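I have placed the structure first, in the form of structure tokens, so that the comments after it can refer back to it.
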Amino acid sequence: MTAITEDDIRARTRALIDEVGASASQVEFRSAQWDAGLAMVQYPEGKGGLGAPPKLQGIVQEELRSAGVTWESMMINPIGIGMGLPTVLTYGTDEMHEKYLKRIFTGEDIWCQMFSEPTHGSDVAGLASRAVRDGDEWIVNGQKVWTSLAHNSAYGMLLVRTNPDVPKHKGLSYFVLDMASPGVEIRPLYQITGDAEFNEVFFTDVRVPHENLLGEVGDGWRVATTTLMNERVALGGSTAPRGSGTISILADLWAKRGPELPDGQRRIMEDRVTRLWIEAEVMRLTTIRARANATTGNPGPEGSVGKLASAELNQKIWNTAMDLLGADGFLHESGYPLDRARPSAFSTSKGFLRSQANTIEGGTSDIMRNILGERVLGLPGDVRVDKDVAWKDIPT
Ligand SMILES: Cc1cc2nc3c(=O)[nH]c(=O)nc-3n(C[C@H](O)[C@H](O)[C@H](O)COP(=O)(O)OP(=O)(O)OC[C@H]3O[C@@H](n4cnc5c(N)ncnc54)[C@H](O)[C@@H]3O)c2cc1C
């Protein structure tokens, strides 16, 4: 088979746009994009891809953006596309691929991730929600927390304990949960932004078919690691065009507010804004370079670099934007629904408040530093006294 080139991908994307039309609906366009193998070019043929190098996906996105296709952002289904797709593709059966993959990509089925629990966020391997086998089904009881988009989701990635008698990492299993199952209760949690972007999810005798298992029984930690590695790349791997995203909001604000500042203050702010612009550009170029070198398959621990750096940069940008606003930054409108697909619709104060979560969601910055220290730099590991103890014997 001859290798697929940049020109092939460009030609195929243009043909797709000509055939479907840039103004087609989200589901219509993305469905055709999936069938054309231009959803995730690195995926196998017939499963949204062409078996091409992952870096060629950038060409597709570039062509879609320049043709004005508004459905190219993964924010239409961020958890499904960023984490659900690669996890199901890696561990799911052909039947699961058929049932779930395309509908995740089109946004017809929104997905959520149910890992964190009230006592287990960073230490997710210690989680306590239980699943007990009953014939061809598992009965799930327990509670999850901070579950983003659970209230909109058709399916959830569910990590539960199936064996309490072995060490914590070895007794977990991973299921696809139909969120409409009887016994699933979703309660909103309100953030400082005023939105209820995430939820508490309670399970009372929820029955999950055994066929919904991803990977093997007891292999949940390995499957979860794939989800988490992809989450970090999804959160930290944006390659939006130069000068777009949060830094563009700061630049616009600087253009409006900068000239009004007293001379001394203006020079200081100019310095801060310029440095952040450079940092954002370096971050963008580094991400493009990382993507160009990426091979087919799931990302490894090095994906935590982008997550760590982008979370901290984003907070610095919003902090500077708030400083530019001065006392006006205290004002913010009420009833502002979160629109993740259009970050430019954020007010500055809302963006600032939302950015506080960046260094927590998807693993805190402390945890990213631990991963990078241990698994990339080979430094001595964190202290883990419960690693070889049966989960049921770990004091809680
Ligand atoms: C906006 C948002 C959306 C989220 N969405 C989801 C979701 O959809 N699904 C989901 O499952 N979870 C979700 N989460 C939860 C998120 O993954 C956890 O909040 C995060 O992993 C931290 O866990 P925790 O809140 O329990 O904090 P803890 O783990 O209790 O940590 C408290 C503090 O201790 C530090 N710490 C903990 N362990 C260590 C260590 N070993 N070394 C050094 N420092 C340490 C942490 O860095 C932190 O500062 C979301 C969180 C947010 C903020």
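Brief remarks follow.
- Pairs with Cβ under 6 Å, 6+ apart, first in region 352-381 and on the phi < 0 side of the Ramachandran plot, second among the charged types (D, E, K, R) and within 10 Å of the ligand (Cβ to nearest atom): Asn370/Asp382
- Flag not set for Ala39, criterion: crowded, with 18+ Cβ neighbours inside 10 Å, in a loop (DSSP other than H, G, I, E, B), touching a residue at least 24 places away in the same chain (Cβ under 8 Å) and more than 20 Å from the chain's Cα centre (by Cα).
- Scan of region 357-377 for residues that are within 6 Å of the ligand (Cβ to nearest atom) and exposed (fewer than 14 other Cβ atoms within 10 Å of the Cβ), ordered by number: Asp366
- Summed over region 257-266, residues that are outside any loop (DSSP other than H, G, I, E, B) and either in contact (Cβ under 8 Å) with a residue 60 or more places away in the chain or surrounded by 11 or more Cβ atoms within 10 Å (Cβ to Cβ) (or both) total 4.
- Strands (runs of 3 or more DSSP E) fully within region 160-209 counting 3 or more residues that are free of Cβ contacts under 8 Å to residues at least 40 places away in the same chain: 184-189
- The lone exception for Tyr174 - which of (1) surrounded by fewer than 23 Cβ atoms within 10 Å (Cβ to Cβ); (2) at pLDDT 95 or above it fails: (1)
- Scanning region 146-175 for residues that are of a type in the set (Val, Ile, Thr) and farther than 24 Å from Arg384 by Cα yields a count of 1.
- Strands (runs of 3 or more DSSP E) wholly inside region 99-151 that include at least 2 residues being surrounded by fewer than 17 Cβ atoms within 10 Å (Cβ to Cβ) and more than 11 Å from the ligand (Cβ to nearest atom): 130-134, 137-144
- Checklist (1) touching a strand residue (DSSP E or B) at 6+ places or on another chain (Cβ under 6 Å); (2) on the phi > 0 side of the Ramachandran plot applied to Tyr91, failing item: (2)
- Any chance Gly218 is more than 20 Å from the chain's Cα centre (by Cα), in a loop (DSSP other than H, G, I, E, B) and either within 14 Å of the ligand (Cβ to nearest atom) or β-branched (Val, Ile, Thr) (or both): no
The values are calculated or read from the model by the stated rules, or taken from the named source; none is laboratory data. Just so you know, these numbers come straight off a predicted model, no measurement behind them. Neighbour counts are summed over all protein chains in view; Cβ atoms, including those assigned to glycine, are modelled from backbone coordinates with ideal geometry.
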